[in-house]
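First the structure, in the form of structure tokens, and then the observations on it.
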Amino acid sequence: MPPIKMLPKDEKEALLQAAVEFYRESSEATIKGTAEKYGIAYSTLRGRLKEAVSRGSGHQRMQVVTSYEESSVVRWCERLDEWGHPAKRSVVKEMAQAIVSRRVNHHVLGGRWI
């Protein structure tokens, strides 16, 4: 198994969840032993067992564009690509800004939003 750093984000999360389940279901497991078994850092597993959330989940509330809005922009880009008109970065940002600007307290997307 490759080191956890080399795995895609969703596989890392699945591995962490499996380690948490194993630890909670086993009466003789230790955090250190479970971390070694799954190839996870001890501190990461310990944090998850104390109900810490992943970095991505923890920062989600700080994002200007919600995950639903982001998936809408992605679907729109995919549709444009199917029609033979791949969207430029500036157009994608304008589309996302148009979605965000419909809110009561909208924000301006940053220069590196994409």
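Here are some notes:
- For the chain: span of alpha carbons on each principal axis (Å, largest first): 56, 35, 23
- Taking Lys and Arg as +1 and Asp and Glu as -1, the other residues whose beta-carbon sits under 15 Å from that of residue 66 total +2.
- Cα-based Lys pair tally, the chain, threshold under 24 Å, eight or more apart or on separate chains: 11
- Each of residue 22 and residue 101 was given a label point 7 Å from its Cα along the Cα-to-Cβ line. The distance between the two points is 5.2 nm.
Read the figures in this text as sums done on the coordinates, not as results from a lab. No experiment lies behind these values; they were computed from the predicted model shown. Cβ: placed from backbone, ideal geometry, glycine included. Neighbour counts: every protein chain shown.
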